[in-house]
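Enquirer: The structure under discussion is supplied below as structure tokens; questions concerning it will follow.
The values are calculated or read from the model by the stated rules, or taken from the named source; none is laboratory data. These numbers were taken from a predicted model, which means no experiment stands behind them. So basically every Cβ, Gly included, is an ideal-geometry build from the backbone, and we count neighbours across all protein chains shown.
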Amino acid sequence: MNRLIERYLDYLRDERGLSKHTLRAYTADLERFLGFLSNEFLSRDASRIEPADADALAVRSFLAHLSRAGVGRQTQARALSTVRGLLKFACREGVIEENPAASVRTPKQPRKLPRHLRPGEIENLIEAAEGDEPLELRDRAILELLYATGLRVGELVSLDWRDLDLEGRFLRVVGKGGKERMVPFGRLAADAVRAWLGVWEGVHQPAADDTEPVFLNHSGTRLSDRSVRRILDKYTDAAAVASGVHPHTLRHTFATHLLEGGADLRSIQELLGHSSLSTTQKYTHLDIDRLLSLYRQSHPRAKRE
């Protein structure tokens, strides 16, 4: 089983092009599954666990083990998906004949709408990044570009200057699975990025493999996704925006505001880089108070004398 897991992770990295962050999550799930088989299910050293030992009962027992440990349903579902992927790979490689995890039901998820900022909140957040110091200009450009494009934070920090066309106001980004897409952005974002570009050279510290990253840290090298989260926390506090705002919140806000402005789901799907329209459909939520107000104003039977 150890060898199968190694081959599967190599496949995900080399052929599927998954990010380091995603690979870490897959690795953690598979190590937890193998640990369960070894310590709880079979009481056998991990080096002696075979792929055939991971039958349907083992997979169901693994989910029950996670539940007893207080692991949430979303995390359980992710772990099951990882195990399914491993065993599907084992079938493809001829290691086992059929995938025993295919018949195991995914734990039901509570319906949870993505958090997004309302008009006014997003402006307050962006305008909290003010000042003429180089890193203040950087932070303003980060917030403007995240909201203007709906980029994932990993996509944002991977941008190089060659990926941006400030005159045409669009950028090229390589998303999940190595899929490339073009994303437009508006004048305010372009102006903020130009202001940052004006001081970028004074911050930049060239590296041996330098590709001129757009966003730099205090040391003048490429900014990390963790640093972007810290930057957002800083301005969330400064703008007195409700807690729970993450870089992905700006992605949700981008999609929601496009939808409310009349954009169709297919266009939003392309801009977000979703491979499936069903992934984009979670953005079809609208504010319930606004819907109720619209209904009461518009429906003849809702009006009262």
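Enquirer: Can you find a residue that is without any contact (Cβ under 8 Å) to a residue 12 or more places away in the chain, surrounded by fewer than 17 Cβ atoms within 10 Å (Cβ to Cβ) and assigned to a helix (DSSP H, G or I) anywhere in the range 79-90?
Expert: The initial filter retains those residues of the range 79-90 that are without any contact (Cβ under 8 Å) to a residue 12 or more places away in the chain, namely none.
Checked the range 79-90: no residue is without any contact (Cβ under 8 Å) to a residue 12 or more places away in the chain, surrounded by fewer than 17 Cβ atoms within 10 Å (Cβ to Cβ) and assigned to a helix (DSSP H, G or I).
Enquirer: For ALA102, only one of the following conditions fails: (1) surrounded by 13 or more Cβ atoms within 10 Å (Cβ to Cβ); (2) hydrophobic (A, V, I, L, M, F, W, C); (3) out of contact with any Ser or Thr (no Cβ under 6 Å at 6 or more places or on another chain). What is its number?
Expert: It fails just one condition, (1).
Enquirer: Exactly one condition in (1) surrounded by fewer than 16 Cβ atoms within 10 Å (Cβ to Cβ); (2) of a type in the set (A, V, I, L, M, F, W, C); (3) within 29 Å of LEU156 (Cα to Cα) is not met by LEU57; state its number.
Expert: With respect to (1) surrounded by fewer than 16 Cβ atoms within 10 Å (Cβ to Cβ); (2) of a type in the set (A, V, I, L, M, F, W, C); (3) within 29 Å of LEU156 (Cα to Cα), LEU57 is out only on (3).
Enquirer: Name the residues in the range 31-66 that are of a type outside the set (Gly, Ala, Ser) and touching a residue at least 40 places away in the same chain (Cβ under 8 Å), would you? Give the steps one after another, and end with the answer.
Expert: Taking the range 31-66 and keeping what is of a type outside the set (Gly, Ala, Ser), we get 31-34, 36-37, 39-42, 44-45, 48-51, 53, 55, 57, 59-60, 62-63, 65-66.
Answer for the range 31-66, where residues must be of a type outside the set (Gly, Ala, Ser) and touching a residue at least 40 places away in the same chain (Cβ under 8 Å): ARG32, PHE33, ILE49, GLU50, PRO51, ASP53, ASP55, VAL59, ARG60, LEU63.
Enquirer: Would you point out which residue out of LEU87, LEU66, LEU9 is aliphatic (A, V, I, L, M) and out of contact with any Phe, Trp or Tyr (no Cβ under 9 Å at 6 or more places or on another chain)? Before the answer, list the steps.
Expert: Values: LEU66 fails: out of contact with any Phe, Trp or Tyr (no Cβ under 9 Å at 6 or more places or on another chain); LEU9 fails: out of contact with any Phe, Trp or Tyr (no Cβ under 9 Å at 6 or more places or on another chain).
Only one candidate passes the filter, namely LEU87.
Enquirer: Residues in the range 132-145: is at least one assigned by TED's automatic domain parsing to the domain that holds LEU57, assigned to a helix (DSSP H, G or I) and either over 22 Å from ALA64 (Cβ atoms) or of a type in the set (D, E, K, R) (or both)? Break it down stepwise before answering.
Expert: Step one: of the range 132-145, the residues assigned by TED's automatic domain parsing to the domain that holds LEU57 are none.
No: zero hits.
Enquirer: Moving to a separate point now. Is it true that LEU125 is crowded, with 22+ Cβ neighbours inside 10 Å, out of contact with any strand residue (DSSP E or B) (no Cβ under 6 Å at 6 or more places or on another chain) and either outside the structural domain of ARG16 (by TED's automatic domain parsing) or outside any helix (DSSP H, G or I) (or both)?
Expert: On the way: crowded, with 22+ Cβ neighbours inside 10 Å: yes; out of contact with any strand residue (DSSP E or B) (no Cβ under 6 Å at 6 or more places or on another chain): yes; either outside the structural domain of ARG16 (by TED's automatic domain parsing) or outside any helix (DSSP H, G or I) (or both): yes.
Considered against the rule, which asks whether it is crowded, with 22+ Cβ neighbours inside 10 Å, out of contact with any strand residue (DSSP E or B) (no Cβ under 6 Å at 6 or more places or on another chain) and either outside the structural domain of ARG16 (by TED's automatic domain parsing) or outside any helix (DSSP H, G or I) (or both), LEU125 comes out as yes.
Enquirer: What number of residues in the range 180-219 are of a type in the set (Val, Ile, Thr) and more than 13 Å from ARG138 (Cβ to Cβ)? Steps first, answer last, please.
Expert: Quick first cut of the range 180-219, residues of a type in the set (Val, Ile, Thr) only: 183, 193, 199, 203, 211, 214.
This time we only want the ones that are more than 13 Å from ARG138 (Cβ to Cβ), so: 183, 211.
Qualifying residue count, the range 180-219: 2.
Enquirer: Between ALA69, ALA28, which is more than 30 Å from GLU180 (Cβ to Cβ) and free of Cβ contacts under 8 Å to residues at least 24 places away in the same chain?
Expert: Numbers: ALA28 fails: more than 30 Å from GLU180 (Cβ to Cβ).
Answer to the check: ALA69.
Enquirer: Can you tell me which residue in the range 218-275 is farthest from ALA129 (Cα to Cα), limited to those that are of a type in the set (S, T, N, Q) and surrounded by fewer than 19 Cβ atoms within 10 Å (Cβ to Cβ)? Before the answer, list the steps.
Expert: Residues of the range 218-275 of a type in the set (S, T, N, Q): 219, 221, 224, 227, 236, 243, 249, 253, 256, 267, 269, 275.
So of that shortlist, the ones also surrounded by fewer than 19 Cβ atoms within 10 Å (Cβ to Cβ) come out as 219, 221, 224, 227, 243, 267, 275.
On the way: SER219: 20, THR221: 21, SER224: 19, SER227: 15, SER243: 17, SER267: 30, SER275: 33 Å.
Checking each candidate, the answer is SER275.
Enquirer: Among the helices (runs of 4 or more DSSP H) contained in the range 149-252, which hold 2 or more residues that are at pLDDT below 95 and over 26 Å from ARG115 (Cα atoms)?
Expert: Working: elements: 153-157, 187-203, 225-238.
In the range 149-252, 187-203 are the helices (runs of 4 or more DSSP H) which contain 2 or more residues that are at pLDDT below 95 and over 26 Å from ARG115 (Cα atoms).
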